[in-house]
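To start, the structure under review is shown below, and the notes come after it.
All of the numbers you see were taken from the coordinates with simple rules; none came from a lab. Here the structure is a predicted model, which means the values were calculated and not measured. Because the Cβ atoms are built from the backbone with ideal geometry, glycine has one as well, and the counts that use them run over all protein chains shown.
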Amino acid sequence: MKKSKKNLPIVISDEHNEIKIYTTAGRTGVFYQLSYYRAGVRQRKTFADLNEAKREARMILGQLSGERIQSHNLSAVEMESYTIAMRTIEQTGVPLHVCAELFAEARRILNGHSITDAAKYYMRHYDPKRPRKPLADLGAEFLASRQAIGVSSRYISTVEYTMRSLVTAFKDTSLDNLEAAGLDRWMDERDLSNRSKNTYRTILACFGNFLKKRNYLPQDRPTVFDGMCVWKDEVKPVEIFTVEEMGNLLGSAQENVIPFLVLGAFAGMRSAEIFRLDWKHILFKRGFIECAAEMTKTRQRRLVPISENLRAWLEPIAAESGLVIPTCETVKTTILKLGVPWKRNALRHSYISNRLALVPDTARVALECGNSPNVIFKHYRELVTPEQAKKWFNIFPGTGYPKCLLTRRKKFSRKPKWVSHIQMTPQVEAGSPPQPLKLLPAPDAVAPEIVGDTGLDDEEIRRALLG
């Protein structure tokens with residue numbers, strides 16, 4: 001029986017090859033199947049659209065014709081290589097000669113190195129699926145994230161300055177093209193101490209970790225910021241106040257500065273803690289100062305015992321509530337007017353040095369002050385004898401305190417005589433030689449017991465007082 005015309009295949013051919021298109025009914029509709037021979041092997045392809053099947057058939061005819069022409073000049077080995085190459089690139093849809101041209105160009109650029117390795121490296125570092133934003137937008141996003149987690153305003157200011165400097169210096173560079181060497185050169189060109197450079201490097205490293213978490217950078221390798229140089233920290237001599245110098249400071253100070261001085265000198269509190277301290281957190285009856293978690297760097301609550309001389313200085317001027325130091329600028333301005341030379345971090349240095357003289361246990365003092373023993377040795381420790389330490393904790397206010405503070409506000413020509421054991425000498429007539437400070441006898445003081453973590457940055461005093 002003869003086949004009906006509707007079942008006959010559509011034939012597309014040239015002089016040497018032909019491709020048949022069969023119509024097949026399936027469950028979901030009609031399909032069109034190409035059937036042809038290539039290198040003696042039958043090939044089939046199925047399409048849902050007839051026009052698409054015809055276009056593919058014509059393209060395959062062209063390929064078969066080219067293969068036939070070339071096969072006349074190819075050896076058996078070359079023909080096998082050609083056949084394998086055609087099968088390999090078939091799914092790419094790219095003609096063989098185009099693939100060969102791209103390969104040759106890539107190999108030339110790579111100077112003979114592996115194209116596969118280059119492609120893998122590219123995908124690791126320039127994955128097109130990763131979101132990309134300008135550095136300015138990424139810096140703003142990082143700053144907003146720091147604000148959202150509730151870090152200190154000083155840290156926010158440092159982050160903002162660092163991001164603004166980075167964006168300004170590398171405004172024409174994308175994140176993918178940043179290099180550690182370029183970042184090092186940028187930092188070296190800035191007029192900063194090595195300690196400040198390391199601070200900014202730490203912030204940039206945090207920035208890099210943030211970018212990894214947000215999928216702006218690969219998560220399986222260090223960031224470009226981790227590759228930056230670590231600058232050697234300058235070793236500066238530890239400065240402390242002597243007993244006489246502390247007496248001069250307290251003898252010249254007004255009421256608004258007294259709490260700052262004594263909390264730093266006799267409790268070892270950092271300036272940022274003092275500036276955040278409320279009078280209601282100084283619990284005189286219970287004998288300690290409560291540093292709430294939000295006051296400290298580690299966000300951990302801490303209790304600071306009140307020594308006897310610290311109580312004597314604070315209790316007469318204490319209020320029920322309110323900030324102990326209303327504004328940082330008030331302290332800075334007042335101290336600069338005292339005319340007494342200021343030493344960097346000397347209040348806390350002095351406290352820890354004297355505390356170590358009375359309690360020669362570095363690990364214990366480090367725990368009490370919220371630092372490691374290495375930090376204590378590197379930044380705070382200065383040799384003080386036990387006798388000097390006892391004198392330090394014997395600095396008490398003398399008779400007339402705190403009424404003398406009112407006189408001090410009105411009359412600045414004379415120094416008050418209200419620092420007991422570090423008594424200020426009265427003024428002498430013009431032309432007379434200055435009289436030395438006199439250390440008066442006093443009972444032995446008991447060194448305060450400190451527990452917990454003090455928290456905050458070592459440079460807070462310098463920054464707050466000297467800008």
Built amide H within the under 5 Å cut-off of residue 36, gap 5+: 43
In segment 279-329, GluC sites (Glu not before Pro) in a DSSP loop with at most 16 other beta-carbon atoms within 10 Å: 320
Computed label-point distance, nm, for sites residue 49 and residue 343 using a 7 Å Cα→Cβ extension: 8.7 nm
Difference of contour (0.36 nm per residue) and Cα-Cα distance, residue 136 to residue 383: 84.0 nm
Amide H contacts under 5 Å for residue 306, placed H, 5+ residues apart: 288, 289
Cα shape, segment 135-213, gyration tensor, a/c 1.5 rule: oblate
Neighbour cut-off at most 16 other Cβ (10 Å), DSSP loop, trypsin sites (Lys or Arg not before Pro), segment 98-200: 129, 132, 171, 190
Mean separation of Cα contacts under 8 Å, 6 or more apart, over the residue count of segment 135-213: relative contact order %: 38 percent
Residue order, fewest to most beta carbons within 10 Å, for 289, 109, 149: 149, 109, 289
Separation between Cα centres of segment 132-150 and segment 219-246, rounded to whole Å: 26 Å
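Using the Cα gyration tensor of segment 300-353, with a ≥ b ≥ c the square roots of its eigenvalues, what is the shape: rounded (a/c below 1.5), prolate (a/b larger than b/c) or oblate (neither)?
oblate
Classify segment 123-170 as rounded, prolate or oblate from the Cα gyration tensor: take a ≥ b ≥ c as the square roots of its eigenvalues, call it rounded if a/c is under 1.5, otherwise prolate when a/b beats b/c and oblate if not. Could the numbers behind the result be given before it?
Numbers: a/c = 3.36, a/b = 1.78, b/c = 1.89.
In terms of gyration-tensor shape, oblate.
Can you give the FRET efficiency for residue 321 and residue 117, using 1/(1 + (r/R0)^6), R0 = 41 Å, r = Cβ-Cβ distance, to the nearest 0.05?
The formula returns an efficiency of 0.05 here.
Assuming 0.36 nm per residue, please report the length gained on full extension of the stretch residue 186 to residue 75 beyond their Cα-Cα distance.
Separation in residues times 0.36 nm, less the Cα-Cα distance, equals 33.9 nm.
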Lys, Arg +1 and Asp, Glu -1 on Cβ, resulting dipole of segment 135-213 about Cα centre, debye, nearest 20: 380 debye
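Can you put 359, 262, 41, 30 in order, fewest other beta carbons within 10 Å first?
On the way: 359 15, 262 26, 41 8, 30 11.
In increasing order of surrounding Cβ atoms, one gets 41, 30, 359, 262.
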For residue 278, residues with placed amide H under 5 Å, excluding near neighbours: 324
